[in-house]
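Student: Okay, here's the structure, questions in a sec.
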Amino acid sequence: MGMIIVSKIYTSAMARARIPEKDRKDFYLYVDEFQNFVSGTFADILSEARKYRLCLIMAHQYIAQLEPAKGLGGDG
């Protein structure tokens, strides 16, 4: 369910492309327990969202929870 919401927020952020860049206001996506939502969608968000003024705040307990194979460009 959480990943569906994240995808919808990302889609909304991308829809801001038609708004002139100087008129875009920041908006924030806070993701707690980030390791449960890691996917290719997050890789896209991390590489593309800044130009749409989507600010991303991710929280998790410790670095080992983020496995390279979960879609963020790792070797696994």
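Student: Does the range 52-76 hold any residues that are of a type outside the set (Gly, Ala, Ser), in contact with a Phe, Trp or Tyr (Cβ under 8 Å, 6 or more places away or on another chain) and modelled with pLDDT of 80 or more, and which are they?
Tutor: Across the range 52-76, the qualifying residues are 53, 54, 55, 56, 57, 58, 60.
Student: Does residue 46 count as at pLDDT below 85, surrounded by 13 or more Cβ atoms within 10 Å (Cβ to Cβ) and in a helix (DSSP H, G or I)?
Tutor: It is true that residue 46 is at pLDDT below 85, surrounded by 13 or more Cβ atoms within 10 Å (Cβ to Cβ) and in a helix (DSSP H, G or I).
Student: Does residue 12 satisfy being at pLDDT below 85 and not acidic (Asp, Glu)?
Tutor: The answer is no for residue 12.
Student: Here is a follow-up. Please specify each residue of the range 34-57 satisfying the condition of being farther than 10 Å from residue 14 by Cα and of a type in the set (Val, Ile, Thr).
Tutor: 38, 41, 57
Student: Scan the range 13-35 residue by residue and report those that are assigned to a helix (DSSP H, G or I) and either surrounded by fewer than 13 Cβ atoms within 10 Å (Cβ to Cβ) or under 9 Å from the mean Cα position of the chain (by Cα) (or both).
Tutor: Listed by number, the residues that qualify are 15, 17, 18, 21, 22, 23.
Student: Condition check: modelled with pLDDT of 80 or more and touching a strand residue (DSSP E or B) at 6+ places or on another chain (Cβ under 7 Å). Does residue 24 satisfy that?
Tutor: Taking the combined requirement at face value, the residue does not satisfy it.
The values are calculated or read from the model by the stated rules, or taken from the named source; none is laboratory data. Computed from a prediction, not measured in an experiment: that's the story for all the values here. Backbone-built Cβ (ideal geometry, glycine too); neighbour counts: all protein chains shown.
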